[in-house]
1. Give me D for the range 50-185 in µm² s⁻¹, whole number, from Stokes-Einstein with Rh from the Kirkwood sum over alpha-carbon pairs, 25 °C and 0.890 mPa s.
2. Ignoring ligands, DNA and RNA, please state the percent of accessible area on the range 148-275 from carbon and sulfur, probe 1.4 Å.
3. Output the DSSP H helices from the chain with an along-axis C-alpha extent of no less than 18 Å and a mean Kyte-Doolittle hydropathy no less than -1.0.
4. Given C-alpha coordinates of the chain, what is the ratio Rg to Rh with the Kirkwood estimate of Rh?
5. Of the options 249, 279, 317, report the single residue whose Cα projects farthest towards the positive end of the charge dipole of the range 239-321 (beta-carbon charges: Lys, Arg +1; Asp, Glu -1).
6. Starting from the alpha-carbon convex hull of the range 296-337, give the projected area averaged over all orientations, in nm².
7. Can you give the Kirkwood hydrodynamic radius for the range 207-346, in Å, rounded to one decimal and based on Cα pairs?
8. If you line up the Cα atoms of the range 165-207 on their principal axes, what length do they span on each, largest first, in Å?
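The values are calculated or read from the model by the stated rules, or taken from the named source; none is laboratory data. Computed from a prediction, not measured in an experiment: that's the story for all the values here. Positions of Cβ are backbone-derived with ideal geometry, glycine not excepted, and every protein chain shown enters the neighbour counts. To get the accessible areas, we keep the full protein, side chains included, count just its heavy atoms, and leave off ligands, DNA and RNA. Shrake-Rupley method; radii C 1.70, N 1.55, O 1.52, S 1.80 Å.
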Amino acid sequence: MIEVNDNFRLLPVSYLFSEVGRRIAAFKAENPGKEVIRMDIGDVTTPLFPSVVKAMHEAVDEMSTVEGFRGYGPEQGYPFLRDAIALNDYRQRGIDIMSDDIFVSDGAKSDLGNLGDIYSRDCTVAVMNPSYPVYVDDSVIDGRAGVLTDGIWSNLVYLDCDPDNGFLPKLPERHADVIFLCFPDNPTGVAIGKAELQKWVDYAREHGSLIIYDSAYEAFVRTPGIVRSIYEIPGAIDVAIEVRSFSKTAGFTGLRCGYTVVPKSVKGRYADGSEVSLNSLWNRRQTTKFNGCSYVSQRAAAAVYTTGGRHDVKAATDYYLHNASIIKEALVKVGFKAYGGDDSPYVWASPCDGRGSWDLFNMLLHEFNFSTTPGCGFGTLGEGYVRFTGFNTLENTRKAMERLVEGF
Ligand code: MLT
């Protein structure tokens, strides 16, 4: 028998959303007549846009001809999509990102974990507490997390987010090499302004740190002055990698396509001190371990940048934001403290009655038959909270919140 990666023993038995899914399935099996409304994982419910579907049909037809058939594509993504991303998401917004800074992927989650391949095992990683569990779990798998005591990993730097700081963490007191930031945030739904994010960019520049900026929810930003891309911040182009996804903006959770921006100006150093661009390392990593996202998915993603596609992104994100506002209103009505939901599909909430997250999850599931995500799954400071998503249909969102308001 081979020796396996011992770090897996350190992980929670199952990934947060797998555990939530398991408990919902068990509840349904015990209560076959009950209709459970899913408000846990951030999975979209509106169908693919007509422009996206048309592009996919055309791509399939193209692939079915001798002339149009394509085998392996470029590992970095097809130029038509890299160009469309660089132009529409960056240069037209005054941000100097070029096509060869863009790496198309099968989604943000894989890249957020895989980026660990390009920085040293000895790097100290900072994460917001609470945060999307992928940052911590991947740090554990890669051997960077240390020892777990009372929910805290000894080698991670925690950036505490709580109501007192508006869920916007303070700069770390201990040095951090790699800093994961997510705004609009998953799970708290809180977004960040330019002056606040500038502090992090300045910190990274001063301390030689790398920021991995998860902006999977940028399309939900509506408030003027709120950041959509970290590259809006002067100096970020030298210290930040940005990870994005078409999942939540264009309904690609089942289709799969995302991208990561690694500007050529972001540098690291080898153990002997010699400098190297992270773009070249990521390129080397991707060409070795990834064969690209499917041509059909990439054509679908390119259609998101057409006039019809942009219109549909706005309509879909408006729809989910409206759901989030319904959730927030209902929660406030029943006396919960509720955060986020304005520039984000997520609402972070607590009845502040000392109940733990799993107890809350169980109570909401058993009494009102809707599911949430327990806040403690995102970190110790998530204890006592649950996260709601606005990604269900309007009808189901209303139904779930009516059950809560009538029965709580
Ligand atoms: C979430 O619910 O946090 C996300 O949908 C999970 C993911 O994107 O992997």
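1. 135
2. Details: 2410 of 4890 Å².
That fraction is 49 percent.
3. Details: long enough: 16-30 (22 Å, 0.16); 50-63 (20 Å, 0.00); 194-207 (19 Å, -1.44); 307-333 (39 Å, -0.37); 394-407 (19 Å, -0.89).
The qualifying helices are 16-30, 50-63, 307-333, 394-407.
4. On the way: Rg = 21.2 Å, Rh = 22.0 Å.
We get a ratio of 0.96 for the chain.
5. Selected residue: 279.
6. Numbers: hull surface 15.2 nm².
Approximately 3.8 nm², given one-decimal rounding.
7. About 17.5 Å for the range 207-346.
8. Computed over the range 165-207, the largest-to-smallest principal extents equal 28, 18, 16 Å.
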